[in-house]
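Read through the structure below, which is laid out as structure tokens, and then see the notes.
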Amino acid sequence: MENNVVLTMRGISMTFPGVKALDNVDFTLRRGEIHALMGENGAGKSTLIKCLTGINDFEAGEIHVDGVEGAVKNHSTQDAQNVGISTVYQEVNLCPNLSVAENLYIGREPMTPLRTIDRKTMIKKADELVKRLDIKVDVTQNLENYSLAIQQMIAIARASDMDCKVLILDEPTSSLDDSEVEKLFKVMNQLKSEGVGIIFVTHFLEQVYAVCDRITVLRNGTLVGEYPIADLPRVKLVAAMMGKDFDDLASIKPEGFEDRHDAPMQIEARGLSHRGTIKPFDLDIHKGEVIGLTGLLGSGRSELARSIYGADKAHTGTLKVGGQEARINQPLDAMNLGMGLLPDDRKAEGIIGDLSVRENIILALQAKRGMFKQLSRAKQEEIADRYIDLLQIKTATRETPIKQLSGGNQQKAILARWLATDPDFLILDEPTRGIDIGTKTEIQKLIIQLSQEGKSIMFISSEIEEMLRTCNRMAVLRDGAKVGELDGELTQERVMAAIAGGADND
Amino acid sequence: MTKKKLTQNPLFLPLVCVVLVLAVNVVYDIAQGNAFYDFFRITMQASASGEQLLSGRLVTILNRGSEVAILAIGMTLVVSASAGTDISVGSVMSLCASFCCMLGAGFGVSAVNDPSEFAMPLIVGLIGALVMGCVCGAFNGALVAYLNIQPMVATLILWSAARAIGLLLCNNLIVYVRVPQYQVFGGYIGFMPTPIIIAAICIVVVSLVLKHTAMGMYIQSVGINKKASRIAGLNSKRIIFMCYLLCGLCAGIAGIVNSSRISSADANNIGLNMELDAILAVALGGNSLGGGKFNLAGSIIGAYTIQAITTTMYNLGVSSAVAPVFKAVVVIVIVVIQAPPVKAWVRKHAASRSTGKEAAHA
């Protein structure tokens, strides 16, 4: 082991049922370094972290930690802590109704000879700890009196105090604002100067370049590479994360597809916003147009779509649908204006797990008709059968509970739910996530076909290539704001440059 | 194959339970030297005033179980939509009964013995009681659906307050309404006990509504996945609110029946602990208290199972003071039979036995 290396992971492999989650991944962390672990959703970042902290049981590979003889194999987070690996997650796992000092020392309180908690020593030690990290808090106050950022830092202080060699920060900044992030970075830099190796998992590019020394990029469970920060400008990072080597499938766009500028307007949004998730934006969508929303995860893609649909009611701005001023307070209002939304979180917001495939398919159409105009059973079955056939949904029967279907078939059923309402404007948020390549192509073809029929589609995907294949136009989002539109000839380079933004933007 | 299908029917276990309870009576009757069908005998008996009335233990079960059956309808919907229970229904019954009697008798009056003494027509009292039930339900529904208060906590308010308000309305007295027009709701129409008719009407109406509207699917959908239902265009909050409102209405109806049965508004005792029976009925019917899919028929069977247990206790000569202990034992057995681990164990056991048999044959 190099003498300044605190952690090495070699050839880590791990399989989930049916998926190779990690394939021969290496990772090296040095003393006093902030190391970004980057990759798109499903790249294997969390899986790798979980292998390290003992939550996942990896199949092959070795982990070595500085100061520990032989290969380390953790079976619990407690094991991990014992060898000096601490983790702070996105959600603060502390007790808000206890004091800061109690939170810092819970489970390892200093004791008096009478085996009671020595509060005086505890408060003194806690005070020293927060002073050292320059966190300005009164350690006797309850944790809940402080902002989320402070709570996050207390969690970090607690982790760093436990003889910590490796500190893992898993998306610690996603609920913090800019000034809070600044404070967090200060604490991180303090720990770095004390020699702690920090693994920083985040989706925010800005933050990586603000604080990290080194970047390791994963894609689809494999290691793309490890780079010093200076050698990997943003565009290259985005390219590394998304993969430049995409399948050069034949174009599925028909002739004259691009030209939709003369078509009447379907959606005109002006200054629409939802506090905390998407800043005010303007957006026009023509009839029969496929508009792609692109940007990294957390850039506000889904949030933009949701504010149009009323899934998160817009706080400001106006919306015209088909030229008419529209007020949308809830999804049903949007549906009555001919909209549909296929949400990205299929399990939480898409399927009604215990209901049958039939009921899941007719649900939106029934909701549009109202409770008292029930579709007859025969009609329901006819609709369900039509879409099961059309989209080739693989299910034992139409009465099978939808939760028993595979992810791809669940997705098709939800797609069928919206097609059954015959929408004019359909928002598809990550419709192809977690679906096999064949089904992906089918869905892409369906999008083209729907737009040929004059329907407008908003298409959100993390895979640029599939957007390039289907979209007329793209809107680019970064950090919760729409920052531009791409028109005309869409290429991978242009899109990536636009996503990365910053100094590398041309 | 058909046998397997039968055991997989969601009503199979609730039905087995009710049959088990009834079987106890048969065994007891045989042991006593009575005819084995004694328990099931339905006869016409002359009442004190000489009318021919339907009687028999089965009739008693159906009659006495009416209130819980009516409550179970509302409770089923509430459980399904909100994954919580409405524990206020017993108290709301009491409040509705008091309100009904006081509207009829006039506030401050303690007894009505003749229709001419009514302060307001009886129908006003009846409608008032139903409206009061809806108001209580709406109150619960608003707290749960729009303020996101946990159902148990939200309904705890009326659980304690409604009965007290009822007592206030009655001036802390038992108000008697000994008028045939009122007594009929807990008595007889022709030879038929009225509570059975009222319960049957409620069950049929709700079943028809569930069959001919999309209400059942809406409620289940919201109960299974509130967020997804909203995205698909359902007004999840309004649906939860509606379920609580209906539950309150059911409590109002049950309150009238119960009060009419005893010809009085006894705010202290009407519907006492009945919310627990209603919740138990839903659970005995094989419904998950975690919400989602529901089976109304199961809940109704559950309600009558509870009454069957009580009637059986009296049949066996168990004193009413000790009866709750036996009732608890029976309920434990029924609930354990339906518990998922036990079901799984039985399935496994049955499978290994049948494979064992095959092995022996080979």
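The values are calculated or read from the model by the stated rules, or taken from the named source; none is laboratory data. Everything numeric here is computed off the predicted structure, so don't read it as measured data. Note that we place each Cβ from the backbone using ideal geometry, even for glycine, and neighbour counts take in every protein chain shown.
Taken as a whole, region A:405-414 holds at least one residue that is more than 14 Å from every other protein chain (Cβ to nearest Cβ) and out of contact with any helix residue (DSSP H, G or I) (no Cβ under 8 Å at 6 or more places or on another chain).
State whether one or more residues within region A:143-163 are polar (S, T, N, Q) and under 21 Å from A:Leu37 (Cβ atoms). Yes. All of A:Thr216, A:Thr140 fail the test of being at pLDDT 85 or above and over 21 Å from the mean Cα position of the chain (by Cα), apart from A:Thr140. Looking across B:Gly302, B:Gly317, B:Gly292, B:Gly298, one residue alone is assigned to a loop (DSSP other than H, G, I, E, B) and either in contact with a strand residue (DSSP E or B) (Cβ under 7 Å, 6 or more places away or on another chain) or in contact (Cβ under 8 Å) with a residue 12 or more places away in the chain (or both). It is B:Gly292. If the requirement is being out of contact with any Leu (no Cβ under 9 Å at 6 or more places or on another chain) and of a type in the set (A, V, I, L, M, F, W, C), which of these qualifies: B:Leu58, B:Leu103, B:Leu95, B:Leu71? One residue alone meets the criteria, B:Leu71. Looking only at region B:250-278, residues that are surrounded by fewer than 24 Cβ atoms within 10 Å (Cβ to Cβ) and among the hydrophobic types (A, V, I, L, M, F, W, C) come to 5 in all. Among the listed residues B:Val177, B:Val184, B:Val153, identify the single one that is free of Cβ contacts under 8 Å to residues at least 24 places away in the same chain and either surrounded by fewer than 15 Cβ atoms within 10 Å (Cβ to Cβ) or within 25 Å of the chain's Cα centre (by Cα) (or both). Selected residue: B:Val153, the only one of B:Val177, B:Val184, B:Val153 that is free of Cβ contacts under 8 Å to residues at least 24 places away in the same chain and either surrounded by fewer than 15 Cβ atoms within 10 Å (Cβ to Cβ) or within 25 Å of the chain's Cα centre (by Cα) (or both). For region B:288-309, the condition of being within 14 Å of chain A (Cβ to nearest Cβ), of a type in the set (A, V, I, L, M, F, W, C), touching a Ser or Thr at 6+ places or on another chain (Cβ under 7 Å) and buried (at least 19 other Cβ atoms within 10 Å of the Cβ) holds for at least one residue.
The lone criterion from (1) of a type in the set (A, V, I, L, M, F, W, C); (2) in a helix (DSSP H, G or I); (3) buried (at least 20 other Cβ atoms within 10 Å of the Cβ) left unmet by B:Val333 is number (3).
Number of residues in region B:205-240 that are within 7 Å of chain A (Cβ to nearest Cβ) and either surrounded by fewer than 23 Cβ atoms within 10 Å (Cβ to Cβ) or not aromatic (Phe, Trp, Tyr) (or both) equals 18.
A count restricted to region B:95-121 and to residues that are surrounded by fewer than 18 Cβ atoms within 10 Å (Cβ to Cβ) and on the phi < 0 side of the Ramachandran plot stands at 11.
If you go through region A:65-92 and keep only what is surrounded by fewer than 18 Cβ atoms within 10 Å (Cβ to Cβ), of a type outside the set (D, E, K, R) and either touching a Ser or Thr at 6+ places or on another chain (Cβ under 9 Å) or not in a helix (DSSP H, G or I) (or both), you end up with A:Gly67, A:Val68, A:Gly70, A:Ala71, A:His75, A:Ser76, A:Thr77, A:Tyr89, A:Gln90. Scanning region B:94-119 for residues that are farther than 17 Å from B:Arg178 by Cβ and either assigned to a loop (DSSP other than H, G, I, E, B) or without any contact (Cβ under 8 Å) to a residue 24 or more places away in the chain (or both) returns B:Phe107, B:Gly108.
Considering region A:160-181, the residues that are modelled with pLDDT of 85 or more and not in a loop (DSSP other than H, G, I, E, B) include one that is farthest from the chain's Cα centre (by Cα), namely A:Val166. Annotation: A:Ile285 fulfils all but one of (1) under 14 Å from A:Leu426 (Cα atoms); (2) in contact with a helix residue (DSSP H, G or I) (Cβ under 8 Å, 6 or more places away or on another chain); the unmet one is (2).
On the stretch given as region B:160-202, residues that are part of a helix (DSSP H, G or I) and under 17 Å from B:Ala48 (Cα atoms) total 4. Residues that are among the basic types (Lys, Arg) and farther than 22 Å from A:Asp422 by Cα within region A:267-306 comprise A:Arg270, A:Arg275, A:Lys279, A:Arg301, listed in sequence order. Only one of the numbered conditions (1) surrounded by 20 or more Cβ atoms within 10 Å (Cβ to Cβ); (2) within 30 Å of A:Glu206 (Cβ to Cβ); (3) out of contact with any Cys (no Cβ under 7 Å at 6 or more places or on another chain) is violated by A:Phe459, and that is (3).
For A:Val130, the stated conditions do not hold, so it cannot be described as surrounded by 13 or more Cβ atoms within 10 Å (Cβ to Cβ), in a loop (DSSP other than H, G, I, E, B) and not hydroxyl-bearing (Ser, Thr, Tyr). With respect to (1) touching a Lys or Arg at 6+ places or on another chain (Cβ under 8 Å); (2) part of a loop (DSSP other than H, G, I, E, B); (3) at pLDDT 80 or above, the lone exception for A:Arg260 is condition (3).
Residues checked against (1) more than 9 Å from chain B (Cβ to nearest Cβ); (2) surrounded by fewer than 19 Cβ atoms within 10 Å (Cβ to Cβ); (3) at pLDDT below 95:
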| site | (1), (2), (3) |
| --- | --- |
| A:Ala348 | no, yes, yes |
| A:Arg369 | no, yes, yes |
| A:Asp389 | yes, yes, yes |
| A:Ile393 | yes, no, yes |
| A:Lys403 | yes, yes, yes |
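Is region B:49-59 home to any residue that is surrounded by fewer than 24 Cβ atoms within 10 Å (Cβ to Cβ), touching a residue at least 40 places away in the same chain (Cβ under 8 Å) and part of a loop (DSSP other than H, G, I, E, B)? Yes: region B:49-59 contains one or more residues that are surrounded by fewer than 24 Cβ atoms within 10 Å (Cβ to Cβ), touching a residue at least 40 places away in the same chain (Cβ under 8 Å) and part of a loop (DSSP other than H, G, I, E, B).
Go through the residues of region B:234-254 one by one and say whether even a single one is touching a residue at least 60 places away in the same chain (Cβ under 8 Å) and at positive phi. No.
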